[in-house]
1. Given springs between every Cα pair under 10 Å in a Gaussian network model of the chain, which of LEU288, LEU110, LEU242 has the largest fluctuation?
2. Using a 1.4 Å probe and counting only protein heavy atoms, arrange HIS174, HIS307 so the residue with the most accessible area comes first.
3. At a probe radius of 1.4 Å, what is the per-residue accessible area of GLU40, in Å² to the nearest 10?
4. Taking the DSSP beta bridges in the chain as the whole, what percent of them are antiparallel, to the nearest 5?
5. PHE155 accessible area, nearest 10 Å², 1.4 Å probe?
6. Of TYR198, ILE18, HIS117, which is farthest towards the positive pole of the chain's charge dipole, taken about the Cα centre with +1 and -1 on the beta-carbons of Lys, Arg and Asp, Glu respectively?
7. Charges at C-beta only: +1 for Lys and Arg, -1 for Asp and Glu. How large is the resulting dipole of region 193-263 about its Cα centre, in Debye rounded to 20?
8. Calculate the dipole size of the chain relative to its Cα centre from +1 charges on Lys and Arg beta carbons and -1 charges on Asp and Glu beta carbons; express the result in debye to the nearest 20.
Amino acid sequence: MLLQDLQVILKVAEFRSITAAATHLDMRTATASAAIKRVEKTLGTELFLRTTRQLKLSPAGERYLPQCQQAMAMLDQAKQNLKADMAIIDGDLRIALPSDLGRNCGRTWLDEFMAQHPKLNLRCSISDSNIDFYRDAVDIALRYGSPNDASLYGFKICNVPRVLCAAPDYLAKHQSPTHPTELTQHNGLLYQLYDVLYNEWQFNGQDEQITIKMPANRASNDGDLVRRWCLSGQGIALKSSLDMADDILSGKVVTLLPDFPAIATELWLVCPSKQSITPAMRLLRDLLRQKTHTVLKALANHGAISHQSIG
């Protein structure tokens, strides 16, 4: 019995769909179906009950699959341990990245990582949408904000100060705000995820937290588009300092209201479980921590963020 066939069986059981499992495994549906037939023939029993509308585990499948899953997990862990001992970093690295960070800083960081480990194959998904590890073909995701799903496992990469910024061309036409309340006289460039419009911006005052509801004529679910609007002078944006780092350091945008820092966020590297962590993921975690620290330190030296905000 081939291990690859057992992997197909486990994915079909997970997705309750041969087509979905085949898509996740990057194979044809007919190939996945043939794998099921081979395993069932070897065992002498059906593992799945199939109808035109659904697929579910048979009684035999319900007994067999959990033990099969445990055995495959043990084999995979043994393989990863061996590779770690031998310092072998190979295979596919399937990672999801936020749109802005992924297209800019993240792209160059991954290029360096791939150069260090040439046996790796990169499979990169760029999106600001939430990742479903059991639906999307990714193994690990770099995401802003602390994970709110207790079933996920993650590594915190860094604290990420947010920056309020605008292009010099915009500020030449509009007076720079001196207090968050003056932002209502400006045009906000907003991020929107699904039907949630993030038009309430929060700042830390000396004695209180200040929330401003921003007027805006532009919003997008793509953080990189919001950044490009900001660069072209279309308004004021509230962005991750990592996303805007190159533009700030090069003078393409100016940071505003330094005495009223925006509420910060965090950057995390998350995966479905602790068991799914590979040596490559740990090495990538270390590189990301190093790279983000370097960028944030440069921003602090530039005066765009405070040294205390880096953490």
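1. LEU110
2. These residues rank, largest area first, as HIS307, HIS174.
3. Here the residue's solvent-accessible area equals roughly 20 Å².
4. Among the beta bridges of the chain, antiparallel pairing accounts for roughly 65 percent.
5. Answer for PHE155: close to 20 Å² accessible.
6. ILE18
7. 280 debye
8. It works out to roughly 940 debye.
The values are calculated or read from the model by the stated rules, or taken from the named source; none is laboratory data. All values reported here derive from a predicted model rather than from experimental measurement. Quick reminder, even Gly has a Cβ in these numbers, built from the backbone with ideal geometry, and neighbours come from all protein chains shown. Heavy atoms of the whole protein, side chains included, go into the accessibility calculation; ligands, DNA and RNA do not. Shrake-Rupley method; radii C 1.70, N 1.55, O 1.52, S 1.80 Å.
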